[in-house]
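Visitor: Got a structure for you, written out below as structure tokens; questions coming shortly.
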Amino acid sequence: MEYNFKAIEKQWQQKWEQEGVYKVHHQTGKPKCYVLDMFPYPSGAGLHVGHPLGYIASDIFARYKRLKGFNVLHPMGYDAFGLPAEQYALEHGIHPAISTARNINTFRKQLDNIGFCYDWSREVRTCDPSYYKWTQWIFLQLFKSWYNRKAQKAESIEKLVEIFEKEGNANHPIPNLKFQISNLKSGIFAASDWKGFDEATQQSVLMEYRLAYCSYGEVNWCEALGTVLANDEVVNGVSERGGYPVIKKKLRQWYLRITEYADRLQSDLNTLDWSDAMKEMQTNWIGKSTGMEIKFPLSISPRRGEEMEENVAKNREKKEATPGFGYAKYKVGSGMSFENAKRMRKEPTEAERLLWSSLKGKATGYKFRRQHPIENSIADFVCLDTWLIVEIDGGYHDHPEQQKLDKERDAFLKEIGFTTVRFTNEQVMDNVEKVIKTIKDTCDAIKSAGAQKRAAAGSSSPLQGEAGVRVYTTRPDTIFGVDFMVLAPEHELVNQITTPEQKQAVEEYLTYVNTRSERERIAEKKITGCFTGAYATNPLTGKQIPVWISEYVLGGYGTGAIMAVPSGDERDHKFARFFNIPITNIFGALYNGDNAVMDKNVTIYDSGFITGLKVNEAAEQVMTWLEDNEIGERKVNYKMRDAAFSRQRYWGEPFPVIWKNGIAWPLDENKLPLELPHVDSYKPGPEGEGPLANITEWTVVPGGVRETNTMPGYAGSSWYFLRYMDPHNDEIFCDRKASDYWNQVDLYIGGTEHAVGHLLYSRMWTKVLYDLGYIGFNEPFKKLLNQGMIQGSSRFVYRVRGENKFVSAGLKEQYDTDQIHADVNMVDGVELDIGAFKKWRNGEYAQAEFILENGKYICGVEVEKMSKSKFNTINPDDLVAKYGADTFRMYEMFLGPVEQSKPWDTKGIEGVHRFLKKLWRLFYDEQKGRVWTQEQPSAEELKVLHRTIKKIEDDTERFSFNTAVSAFMIAVNELTDLQCHKKEILEPLLILLTPYAPHIAEELWHHLGNDSIVLDAAYPVFEEKYILESSKSYPVAINGKTRTEMSIALDATQQQVEELVLANETVRKWMEGKAPKKIVYVRNKMINVVV
RNA sequence: GCCCGGAUGGCGGAAUUGGUAGACGCGCCAGACUCAAAAUCUGGUAUUGGCAACAAUGUGCAGGUUCGAUUCCUGUUCCGGGCACCA
């Protein structure tokens, strides 16, 4: 009786399916175990041998846990929305739903071949409306929630509205300080303000709090294709398809406010059983840093208004490039000067004179100055306590162009912290009392808002309302070494501070940066940048430093501006060298002029009051000083940004949102799912909108239009592990009873490529659902196992250039050749099957000639990524057909550690197949038939069995599946040597083998007379008594080099061992008569004699 | 560029906590069975020298710690993954 794997595997797969042996339910008394594979995207290329690696590992673990008495949830489904299907639709006109369904069928067939124990009754597909109904529902919960920082959890937006109605937002300031709401003067409003806001303003304010919110973000825009491109569709600044230019464009986008969860995402890593590497990657992604936000005044600080004239004059003497950025009459560089300012103060208009008489001498309770220089222009009146500017506009301000300039000017002043109010001459002349009252009220409002803000922040916030550029630094100790400042090219101030002389250069540089992807900007080794012409003042030293822009500073991180310390930062150092900016040394002898000092455990020199201090102490003192002087504040910063949550694509979940007059309104939850409408064209909509924008009969609804963006790939995959627990529920995404039972995923297997994307997003969603009370745990994946990648081993043929002639690899040096991928399936080892090659690609090479070596054509070999385009993919179906699923499963595991990447080599599979046949022969002989017996096992046989039980159990628990396969081989080899065919030994062995090779185990299990399935058997229990040894063969080393072996009783004492060892002939030979200095004896390990 | 991981015979890999480097399998070599082949079985196989016993060398490279290092530390090279719109 032969091992007929084909019949066996087919028969059992059918039986398992018919009897539903993998169906599980949460109402049992057993302990649960949730084993999950990362959600696969069903690609059109089908499975290659790399894909099932993790699935086999999880299948082994799931079966093992079931044998150990657990109720195991082990589901599978499809992350079925995605770009490739849409791209395929664009190219072939096949609807993504159709190609996706087809791909899923292929996928499923391939999976079924391998004999997995999935509970297919729980399958989910993200593109199925019954699934994405709940993705949309969760999105609405995100939309209807905000993050209460005080409570450190998400809460419903209605609760926030209640708070606003009661106390305004003083206790819950707007999370994003860079918010832009046109009707909102400051970020803080009172309850009365809130009630006075119109609906649009109220909704804009709420949008600033929602966990899913709308904002504007940059995308890769390709004008020629009329579409937004993914990062990997952009190569070297042009589109991958067609090579058209790609620039950045701002589009309205949805975002998830994941930054509010940064701290919890960080600290909760401690509760997870993940590899340190994985935790480290997430930590780096979150990028929490503590440092200081420091304000550098721009050239002249209004606070130092009295010194200004002198400074400017000095600057002008020193260099021609006086900072100049003005508007109309304020222009300093041309026309306006401080002489003019003085003159104007002496010659005020009638209205100014009138107003001044009512303002001077603290008449309003606030001290005002008139004709006061502010940032290189002259304000008519300014209150330096409240940062209020009062302008009296003459007749020419009616001119539209001047109004535009005034508006720009006001916006700039607002950015640097001023509030501007404007009055006409007539207003002042007609009713000066009213004007004064307005000014006084505004001052009061600013003052109370400032106080509220300080109260909200829990400390004074000196940066609010102060002029200058804010930089973020984690090294405040290096502030005496600042030689220049770099702004992100997209920094709002760039336009305003650029001098006329530098305008052209800056504009050219900005054009260049606009073509650069963020990745390119970070990775660029070449140093690029541009001087703005402006100078800033180091608040500690008073030193004037030039302000540059460069692509290496990103707008999204920190404040979008850095203080550059060339002697203490490598990138700054290279920048300074490249642009010839003088470098200040603050590290004494440590800085050699060639490399920046990156060491953080050094002493700071030439730095005023921190000279001689270590980095940490110096930083502390600088921070304290800056805080005391209200120039900087301590800040915790995160590298992580809010997650972009929309795509201008068709094949994704539609947003359940309707826009009415610019306000986003959620769809009623009872109207979900909002189904994706059918389209005939996948072409983008106008202005970069998604294809949905083209279907007006869908987008236009009474009173508004639908959102035309769709959700990104990670929407559906951020919560799918919850749906598996209760996949058919129509009432809720997952019944709380089910999620309470199944709880966290106990083992999650997938590749490291998901380290920071999927794994962070699903952690966030879990935390939100937890905060809102829908589930009872706040981390989705307790234990994470990362599978390595199986690489392909490519084969090459060498075509003689210009001829239809191929030369064998060993002879290719003699010719001028081109290297061409040959399909690995036509190659046996390295020998090419010439016949198959000639038929390949419809006979493209049918007429080719071959130059052979030793009568063979030998191919070149290279390890590459496994991919169809490299003709190095191996289809698991072929291997299963040839060797069976059990062999395939065990061979995939046998290749090496699951976590490690390794190249595929089909050759070795024979060895595993031989092992299974050898196992079979312990039960049945080809000639003799049944050989297994009911005889009593010997001590030796029991030792083999129990050593194997221990090894397999240990290895399976620690996911060392490759060594477990070896252990099976060793056991079968040993039992064969012992000629052991005893049921009492073989039966437990079959149970051990079940997770690894379920079909053969099941078959032989039934041959041994069992009726129930082997998965319901009890796992064998290891008993130490069978494997105890009384002595051990010790390696004996002299001076660390092993020289001989000695068998010594395990309970020998140090003294006994020493006597035995010194009496040994080999030992004495190597000691060459010298006395031993020391004898190291480690019980059960080794002996070392030191001479 | 930044972050994470990896490197051991001809090949995949083993050595679980610093303790006999190369388990197990492939490949290769030799032998048995066979008319022959396949399958199967037996033995050998890190490198160098030697008939052998044995000796020297050896875990990417250069150092260090230790009685002892594939394992720990410092530096370095190469390869793989990720870097926010592939999934």
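The values are calculated or read from the model by the stated rules, or taken from the named source; none is laboratory data. A quick note: this is a predicted structure, and the numbers were derived from the prediction, not measured. Because the Cβ atoms are built from the backbone with ideal geometry, glycine has one as well, and the counts that use them run over all protein chains shown.
Visitor: Any residue in segment A:832-849 that is more than 15 Å from RNA strand B (Cβ to nearest atom) and either under 19 Å from residue A:49 (Cβ atoms) or touching a Cys at 6+ places or on another chain (Cβ under 8 Å) (or both)? Walk me through how you get there before you give the answer.
Guide: Going residue by residue through segment A:832-849, those that are more than 15 Å from RNA strand B (Cβ to nearest atom) are A:832-849.
In the following step, the residues that additionally are either under 19 Å from residue A:49 (Cβ atoms) or touching a Cys at 6+ places or on another chain (Cβ under 8 Å) (or both) were identified as A:832.
So far as segment A:832-849 goes, yes, one or more of its residues are more than 15 Å from RNA strand B (Cβ to nearest atom) and either under 19 Å from residue A:49 (Cβ atoms) or touching a Cys at 6+ places or on another chain (Cβ under 8 Å) (or both).
Visitor: Scan segment A:36-73 for residues that are in a loop (DSSP other than H, G, I, E, B) and among the hydroxyl-bearing types (Ser, Thr, Tyr) and jot them down.
Guide: Answer for segment A:36-73, where residues must be in a loop (DSSP other than H, G, I, E, B) and among the hydroxyl-bearing types (Ser, Thr, Tyr): A:41, A:43.
Visitor: Keeping to segment A:179-216, report how many residues are in contact with a Lys or Arg (Cβ under 7 Å, 6 or more places away or on another chain) and within 16 Å of RNA strand B (Cβ to nearest atom).
Guide: Final tally of qualifying residues: 4.
Visitor: Say whether the condition of being assigned to a helix (DSSP H, G or I) and either under 30 Å from residue A:920 (Cα atoms) or at pLDDT 85 or above (or both) is met by at least one residue in segment A:853-873. Give the derivation first.
Guide: As a first pass, look at segment A:853-873 and keep what is assigned to a helix (DSSP H, G or I): A:868-870.
Right, trim to either under 30 Å from residue A:920 (Cα atoms) or at pLDDT 85 or above (or both) and you get none.
No, segment A:853-873 contains no residue that is assigned to a helix (DSSP H, G or I) and either under 30 Å from residue A:920 (Cα atoms) or at pLDDT 85 or above (or both).
Visitor: Related question: Out of contact with any Asp or Glu (no Cβ under 9 Å at 6 or more places or on another chain), hydrophobic (A, V, I, L, M, F, W, C), within 16 Å of RNA strand B (Cβ to nearest atom) and within 30 Å of residue A:1021 (Cβ to Cβ): which single residue out of A:60, A:56 fits that description?
Guide: A:60
Yes/no per residue for (1) near RNA strand B (Cβ under 9 Å from one of its atoms); (2) aliphatic (A, V, I, L, M):
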site: A:1050; (1), (2): no, yes
site: A:1070; (1), (2): yes, no
site: A:1076; (1), (2): no, no
site: A:1084; (1), (2): yes, no
site: A:1088; (1), (2): yes, no
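Visitor: Any residue at all in segment A:244-263 that's surrounded by fewer than 18 Cβ atoms within 10 Å (Cβ to Cβ), of a type in the set (Gly, Ala, Ser) and out of contact with any Gly (no Cβ under 6 Å at 6 or more places or on another chain)?
Guide: There is no residue in segment A:244-263 that is surrounded by fewer than 18 Cβ atoms within 10 Å (Cβ to Cβ), of a type in the set (Gly, Ala, Ser) and out of contact with any Gly (no Cβ under 6 Å at 6 or more places or on another chain).
Visitor: Next question, about the same structure. Hey, among A:519, A:571, which residue is under 24 Å from the mean Cα position of the chain (by Cα), within 15 Å of RNA strand B (Cβ to nearest atom) and part of a helix (DSSP H, G or I)?
Guide: A:519
Visitor: Could you pull out the residue among A:915, A:888 that is at pLDDT 90 or above and over 28 Å from residue A:748 (Cα atoms)?
Guide: A:915
Visitor: Taking residue A:991, is it within 24 Å of residue A:884 (Cβ to Cβ) and of a type in the set (A, V, I, L, M)?
Guide: Taking the combined requirement at face value, the residue satisfies it.
Visitor: Can you tell which of A:963, A:933, A:976, A:906 is more than 26 Å from residue A:785 (Cα to Cα), within 14 Å of RNA strand B (Cβ to nearest atom) and of a type in the set (S, T, N, Q)? Before you say what the answer is, go through the steps one by one.
Guide: Numbers: A:963 fails: more than 26 Å from residue A:785 (Cα to Cα); A:933 fails: within 14 Å of RNA strand B (Cβ to nearest atom); A:906 fails: more than 26 Å from residue A:785 (Cα to Cα).
A:976 is the lone residue from the list that is more than 26 Å from residue A:785 (Cα to Cα), within 14 Å of RNA strand B (Cβ to nearest atom) and of a type in the set (S, T, N, Q).
Visitor: Still on this structure, please answer the following. Residue A:835 fails exactly one of the following numbered conditions: (1) in contact with a strand residue (DSSP E or B) (Cβ under 8 Å, 6 or more places away or on another chain); (2) modelled with pLDDT under 90. What is the number of that condition?
Guide: Among (1) in contact with a strand residue (DSSP E or B) (Cβ under 8 Å, 6 or more places away or on another chain); (2) modelled with pLDDT under 90, the lone unmet condition for residue A:835 is (1).
Visitor: So, of the residues in segment A:633-670 that are under 23 Å from residue A:198 (Cβ atoms) and assigned to a loop (DSSP other than H, G, I, E, B), which turns out to be farthest from RNA strand B (Cβ to nearest atom)?
Guide: A:661
Visitor: Out of segment A:84-127, which residues are more than 27 Å from residue A:14 (Cβ to Cβ) and assigned to a loop (DSSP other than H, G, I, E, B)? Quick ask: steps written out before the conclusion?
Guide: Initially, segment A:84-127 is screened for residues more than 27 Å from residue A:14 (Cβ to Cβ), giving A:84-100, A:126-127.
The answer is A:93, A:94, A:95, A:126, A:127.
Visitor: Now for a different question. Restricting attention to helices (runs of 4 or more DSSP H) lying wholly within segment A:695-799, give those where 1 or more residues are within 16 Å of RNA strand B (Cβ to nearest atom).
Guide: Once the helices (runs of 4 or more DSSP H) in segment A:695-799 are filtered for at least 1 residues that are within 16 Å of RNA strand B (Cβ to nearest atom), what remains is A:714-717, A:720-723, A:758-771.
Visitor: Tell me which of these residue A:680 doesn't satisfy, since it passes every other one: (1) assigned to a helix (DSSP H, G or I); (2) of a type in the set (Asp, Glu); (3) under 22 Å from residue A:646 (Cα atoms).
Guide: (1)
Visitor: Something else about it: So if I check each of A:622, A:615, A:636, which one is in contact with a Ser or Thr (Cβ under 6 Å, 6 or more places away or on another chain) and closer than 24 Å to residue A:296 by Cα?
Guide: That would be A:636, the only listed residue that is in contact with a Ser or Thr (Cβ under 6 Å, 6 or more places away or on another chain) and closer than 24 Å to residue A:296 by Cα.
Visitor: I'm told residue A:946 meets every condition in (1) within 15 Å of RNA strand B (Cβ to nearest atom); (2) in contact with a Cys (Cβ under 6 Å, 6 or more places away or on another chain); (3) of a type outside the set (Gly, Ala, Ser) except one. Can you identify the failing condition by its number?
Guide: The number of the failed condition is (2).
Visitor: Check whether at least one residue in segment A:74-83 is within 16 Å of RNA strand B (Cβ to nearest atom) and in a helix (DSSP H, G or I), and report yes or no.
Guide: Scanning segment A:74-83, I find at least one residue that is within 16 Å of RNA strand B (Cβ to nearest atom) and in a helix (DSSP H, G or I), so the answer is yes.
Visitor: Out of A:797, A:807, A:863, A:827, report the one residue that is surrounded by fewer than 18 Cβ atoms within 10 Å (Cβ to Cβ) and farther than 30 Å from residue A:743 by Cα.
Guide: Answer to the selection: A:863.
Visitor: Looking only at segment A:992-1027, which residues are touching a His at 6+ places or on another chain (Cβ under 7 Å) and among the β-branched types (Val, Ile, Thr)?
Guide: A:1027
Visitor: Could you tell me whether any residue of segment A:186-199 is surrounded by fewer than 20 Cβ atoms within 10 Å (Cβ to Cβ) and closer than 30 Å to residue A:762 by Cβ?
Guide: Scanning segment A:186-199, I find no residue that is surrounded by fewer than 20 Cβ atoms within 10 Å (Cβ to Cβ) and closer than 30 Å to residue A:762 by Cβ, so the answer is no.
Visitor: I'm trying to understand the selection: among the residues of segment A:899-912, which are among the charged types (D, E, K, R) and either touching a His at 6+ places or on another chain (Cβ under 7 Å) or modelled with pLDDT under 90 (or both)? Before you say what the answer is, go through the steps one by one.
Guide: Going residue by residue through segment A:899-912, those that are among the charged types (D, E, K, R) are A:899, A:902, A:905, A:907, A:910.
Selection gives A:902, A:905, A:907.
Visitor: Would you check which residues across segment A:829-866 are of a type outside the set (A, V, I, L, M) and within 41 Å of the chain's Cα centre (by Cα) and list them?
Guide: A:829, A:841, A:859, A:860, A:862, A:864, A:865
Visitor: Count, please, the residues in segment A:177-227 that happen to be part of a loop (DSSP other than H, G, I, E, B), of a type in the set (Ser, Thr, Tyr) and under 30 Å from the mean Cα position of the chain (by Cα).
Guide: 1
Visitor: Could you please find all residues in segment A:430-451 being assigned to a helix (DSSP H, G or I), modelled with pLDDT of 85 or more and surrounded by fewer than 14 Cβ atoms within 10 Å (Cβ to Cβ)?
Guide: A:430, A:433, A:434, A:437, A:441
Visitor: For segment A:469-514, enumerate the residues that are part of a strand (DSSP E or B) and at pLDDT 90 or above.
Guide: Correct list: A:471, A:472, A:473, A:484, A:485, A:486, A:487.
Visitor: Please go through segment A:628-658 and pick out each residue that is in contact (Cβ under 8 Å) with a residue 12 or more places away in the chain and surrounded by fewer than 18 Cβ atoms within 10 Å (Cβ to Cβ).
Guide: To start, the set of residues in segment A:628-658 that are in contact (Cβ under 8 Å) with a residue 12 or more places away in the chain comprises A:629-658.
Matches in segment A:628-658: A:629, A:630, A:634, A:636, A:639, A:641, A:644.
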